[in-house]
1. Please give the per residue volume of the convex hull enclosing the alpha carbon atoms of the stretch 299-419, rounded to a whole number of Å³.
2. Around Gly303, which amide H atoms from residues at least 5 apart in sequence, or from another chain, sit under 5 Å from its own amide H, with H modelled in the peptide plane?
3. If you roll a 1.4 Å probe over the chain with all protein chains in place, what percent of the accessible area is carbon or sulfur?
4. What number comes out for accessible area per residue over the chain if the probe is 1.4 Å? Units Å², please.
5. Cut-off 10 angstrom, C-alpha nodes, Gaussian network model of the chain. Which of Ala155, Ala307, Ala357 fluctuates the most?
6. Any idea what log10 I(q)/I(0) is at q = 0.09, 0.12 Å⁻¹ for the chain, Debye with uniform C-alpha scatterers and no solvent?
7. How large is the convex hull of the C-alpha atoms of the stretch 366-405 per residue, in Å³?
8. Roughly what percent of Cα-Cα pairs across the stretch 325-376 reach past 14 Å?
Amino acid sequence: MSDSKIKAPRGTFDVLGEDAAARSALEARARAILEGAGYERIETPAMEATELFARGVGASTDIVRKEMFTFEDAAGRSLTLRPEGTAPVCRAYVEHGMHKRRQPVKLWYLSSFFRHERAQAGRYRQFWQVGAEALGSEDPAVDAESIVLLATLLAELQVREVRLRLASLGSTESRSEYRERLQAHLRANEQELSEDVRSRIEDNPLRAFDSDHPGTRAVMEGAPRLLDHLSAEDAEHFAEVRALLDVAGVSYEVDSTLVRGLDYYTRTVFEFTSDALGAQSGVGGGGRYDGLVEQLGGPPTPGMGWAAGIERIMLAGEAPPTAPAPVELFVAIEHARADVRRAAFSLLSEARSAGLAAQMDLGGRSLKGQLGQAGALGARFVAIVGDGQTTLRDMQGGGQTPIATGAVVHAVLRGHHAL
Ligand code: AMP
């Protein structure tokens, strides 16, 4: 054995055992909730043309500026491991002409994403998100439905101490007017701001609301708020989203400082956090992105969606109880002889074809060892294949009976009361 062991890359992890089972259970809950609401599963490739994120997510965002895993293929094309799911879903919507389908088109995914971040608890370089996107309708009911579905998922998974913050960023037009006001405020207080915020006054002034820098925070206390400068239409849209959430019994705080890290958002934005998590308290969030599809070369198409982090949900939630898959038949061999082993293997195949969950020993164990393993797996029946005869043992009742090998599957399917 070589003395230098190879480990998984920094910020990545293996999913094993109980963790894998808990994730499957989580996925099953997400599927039931989202498909029950008319969302269809979508899978997009793990890599995309870099241009998709540069154009879609925005060149001034942290993700595009410093967090993407980007590389060139052999032909010199720039590819990027997907850092988020909305731009790829919009790309697929355009590429497959989904605007011709009945709108809105509702899609959901559960996939892994890649960001070159400083790895810490709850923040990884490959992580999983469940996400839902509804394209083709600007009805505030789409916004409310989408938010309610995530609230339901978090509640069902018993994510603790959840808070929902909500705001509207207005449409692109009302926001550009506001941006100028905010830029004027930032320029007037430039000396107090962090280096990072100062460098983004031109291209991303809203991110100043996200800063932890004390000077910047003080300046932002007195900054004009986008919510006070919405157009009448945007304000009405936001009021309706709130009214629908009220009707659905979902509580939220309106937070005029909520801006999200991606450039594509318009109108509704929201974020679920959990106070049970440490510094990385974001569980999931999203919003409306009415200009994104067009920006990616498609027809003007409104859109609304969210993504939530699987690892954060699992950290802050109660893992749903998982039971190991039951083994209905364990096939054991009495002698380690090739003909007996083949007869046993044939019985195993026959049992699986009949739909039984069946296993046999693959580790060369003694008969005693095999019976021990069958017990550890919780096998319901064990067939001991011997030299010309087979015995079927009921592991619950404890009885056993000789049986023709060809009759085992039938007996197990009947639950074999005769033992
Ligand atoms: P975002 O796409 O940045 O809005 O992220 C949505 C959700 O994904 C967050 O609320 C987190 O739960 C999760 N998330 C984002 N980045 C990471 C990361 N690096 N590691 C683990 N989870 C993440």
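1. 211
2. Hits under the 5 Å cutoff: Gly136, Tyr289, Asp290.
3. Whole-percent figure for carbon plus sulfur exposure: 50.
4. In whole numbers, the chain has 49 Å² accessible per residue.
5. Of Ala155, Ala307, Ala357, the Gaussian network model singles out Ala357 as fluctuating most.
6. The Cα Debye sum returns log10 ratios of -0.69, -0.99.
7. 60
8. It works out to 48 percent of all Cα pairs.
The values are calculated or read from the model by the stated rules, or taken from the named source; none is laboratory data. Just so we're clear, the structure is a prediction, and the values are computed from it rather than from any experiment. Heads up: the accessible areas ignore ligands, DNA and RNA and are worked out on the full protein's heavy atoms, side chains in. Shrake-Rupley method; radii C 1.70, N 1.55, O 1.52, S 1.80 Å.
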